[in-house]
Amino acid sequence: MLTISGDAIRLCDRLPRRDFLTIGALAAGGLTLPRLLRAEAQVGVRSSHKSVIMIYLTGGPPHQDMVDLKPDAPTEIRGEFRPIATNVPGIQISELMPRVAGMMDKFAIIRSLVGAEERHSSFQCVTGRMFRSQPQGGWPEIGSVLSKLQGPVDPSVPPAIDLSMKMEHQPYNLPGPGFLGMAHAPFKPSGDAMDDMVLQGVNLDRLTDRGSLLASLDRFRRQADQQASQLAADGFTERALGILSSSRLVEALDLSREEPHIRERYGKDDPNCLPYSKAGYQAHMSKFLAARRLVEAGARCVTIAFADFDWHGANFTNGRKVIPLLDQGLAALVSDLHERGLDRDVSVVVWGEFGRTPKINANAGRDHWPRVTFAMLAGGGMTTGQVIGETNRLAEEPISRPIHFNDVFATLYHNLGIDTARTTIADHNGRPQYVSETHEPIRELV
């Protein structure tokens, strides 16, 4: 038996679900992978393979300390970090992001992102929707939408994959498939960390032991064949066995297959980047690399939650630890995509749920600020090397080109080949719902 396990969760469609997929002795009434595949059978699969990697910066990143510094503002506004020049004349970003600065021509920054709900949740970042106005069952996240509309590229690789660790603050965890149902739930390789993925006792830390891995898979295949025969398995069960026993998904997650110099470029995981990292807010640099490998293997959407940015205190101390790690991971990922010729097919979006207050508080922190935030984008064939929008001199609000979360989603869907003006999905009541509230992609990017 192969089990991928984790903690119990309850998603928007109100179906209780342990974060697991098991083939073998299936619990009565449990949600099994064959049932998920059977539910997906009506999905039409397109031949193209466009994809998106979403990096969710939990807690709300400080725009003034990363991409929209105000060096001429008063001390209590501008903070401790200085802007540095990038390789695009006229664009400056934080001194803590020198790697991205050196390849700014491959990024686009939106400094005027609006529409945040001031809710500590991944919901708006992964759905593009307002939390307070939902249909029955809830809005689905983008990976679930792609699963519904486009299905898998490869039968053995799930179209949507969530690499996020389980975070202590429940709303940070991705909301799931909403009204699309569990057939389109993102696949989680683990519950709490990637080393929880169990292959007959072989975890990801031991995948470098090729002998143990191969022996484990051989045993699993033999047992699966026996169980499938005993259960008179139908085609969906056979396909489920194929997914879980296929080497394609396992190999994509096996980072030991990468050249050492590529792995080194991405940096080492830092489980102690923040004092409260044990709550699920670690800086796992390896997930940037895993995301690239998964989209290469056939995933349409891979989501990462990185560290935590809810710095009501010690903003600058935490920033010096976390922002350089993000800088390294982003630079490595986007460089990798370009070097592998994936930059036109893979869209990368980096953002959080809101910005931070311009004024620094008494604890050297910045508080919640929904009036403006930022997004960074790369790849997807987009026009990069530019900044879109501008805030006032204190980074309080946009003074030009406000861009809504919905606009970014319309752009991502455009990059994925989906016409948001025509494409709908049916909700629980059978009513067609547009995949995005905004139908026009951001004109500066496409």
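The values are calculated or read from the model by the stated rules, or taken from the named source; none is laboratory data. In this text, all values refer to a predicted model and were calculated from it rather than measured experimentally. All Cβ positions, glycine included, derive from the backbone under ideal geometry; neighbour counts span all protein chains shown.
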Any chance residue 299 is small (Gly, Ala, Ser) and not in a helix (DSSP H, G or I): yes
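Listed here are the residues, each with its yes/no results for (1) more than 20 Å from residue 281 (Cα to Cα); (2) touching an Asp or Glu at 6+ places or on another chain (Cβ under 6 Å).
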position	(1), (2)
60	no, yes
67	yes, no
83	yes, no
106	yes, no
120	no, no
123	no, no
133	yes, no
162	no, no
List the residue pairs whose Cβ atoms are under 9 Å apart, where the first residue sits in the range 66-78 and is surrounded by 17 or more Cβ atoms within 10 Å (Cβ to Cβ) and modelled with pLDDT of 95 or more, the second is of a type in the set (D, E, K, R) and part of a helix (DSSP H, G or I), and the two are 6 or more positions apart or on different chains. 69/78; 70/78
Scanning the range 401-422 for residues that are under 19 Å from the mean Cα position of the chain (by Cα) and polar (S, T, N, Q) gives 406, 411, 415
Sort through 91, 23, 9 and tell me the only one that's of a type in the set (A, V, I, L, M) and modelled with pLDDT of 95 or more. 91
Residues of the range 278-296 being assigned to a helix (DSSP H, G or I) and either under 21 Å from residue 356 (Cα atoms) or modelled with pLDDT of 95 or more (or both), in sequence order, are 286, 287, 288, 289, 290, 291, 292, 293, 294, 295, 296
Conditions (1) within 19 Å of the chain's Cα centre (by Cα); (2) without any contact (Cβ under 8 Å) to a residue 60 or more places away in the chain; (3) assigned to a helix (DSSP H, G or I) -> residue 317 fails only (1)
Applying the selection to the range 275-317, what residues are within 19 Å of residue 58 (Cα to Cα) and touching a Lys or Arg at 6+ places or on another chain (Cβ under 7 Å)? 280, 285, 304, 311, 315
Based on what the data block shows, is residue 157 over 27 Å from residue 338 (Cα atoms) and of a type in the set (Val, Ile, Thr)? no
Of the residues in the range 241-277, those that are over 19 Å from residue 331 (Cβ atoms), of a type in the set (Ser, Thr, Tyr) and modelled with pLDDT of 90 or more number 1
Out of all the residues in the range 349-369, which are under 30 Å from residue 380 (Cα atoms), among the hydrophobic types (A, V, I, L, M, F, W, C) and out of contact with any Cys (no Cβ under 9 Å at 6 or more places or on another chain)? 350, 354, 369
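Matching residues to (1) farther than 30 Å from residue 435 by Cα; (2) surrounded by fewer than 19 Cβ atoms within 10 Å (Cβ to Cβ); (3) not hydrophobic (A, V, I, L, M, F, W, C):
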{"position": "89", "(1), (2), (3)": "yes, yes, yes"}
{"position": "98", "(1), (2), (3)": "yes, yes, yes"}
{"position": "113", "(1), (2), (3)": "no, no, no"}
{"position": "132", "(1), (2), (3)": "no, yes, yes"}
{"position": "138", "(1), (2), (3)": "no, no, yes"}
{"position": "145", "(1), (2), (3)": "no, no, no"}
Would you be able to say whether some residue in the range 346-354 is in contact with a Gly (Cβ under 9 Å, 6 or more places away or on another chain), buried (at least 18 other Cβ atoms within 10 Å of the Cβ) and closer than 18 Å to residue 76 by Cα? no
Which one is farthest from residue 446 (Cα to Cα) among residues in the range 351-404 that are of a type in the set (S, T, N, Q) and either out of contact with any Asp or Glu (no Cβ under 7 Å at 6 or more places or on another chain) or touching a residue at least 60 places away in the same chain (Cβ under 8 Å) (or both)? 363
With the condition kept exactly as written, say whether any residue in the range 260-270 is of a type outside the set (Val, Ile, Thr), in a helix (DSSP H, G or I), surrounded by fewer than 19 Cβ atoms within 10 Å (Cβ to Cβ) and touching a helix residue (DSSP H, G or I) at 6+ places or on another chain (Cβ under 8 Å). yes
Could you please find all residues in the range 278-295 being surrounded by fewer than 18 Cβ atoms within 10 Å (Cβ to Cβ) and free of Cβ contacts under 8 Å to residues at least 60 places away in the same chain? 278
Kindly check whether there is at least one residue in the range 213-233 that is modelled with pLDDT of 95 or more, basic (Lys, Arg) and either surrounded by fewer than 19 Cβ atoms within 10 Å (Cβ to Cβ) or within 22 Å of the chain's Cα centre (by Cα) (or both). no
The residue that is modelled with the lowest pLDDT, considering only those in the range 182-200 that are part of a loop (DSSP other than H, G, I, E, B) and surrounded by fewer than 20 Cβ atoms within 10 Å (Cβ to Cβ), is 193
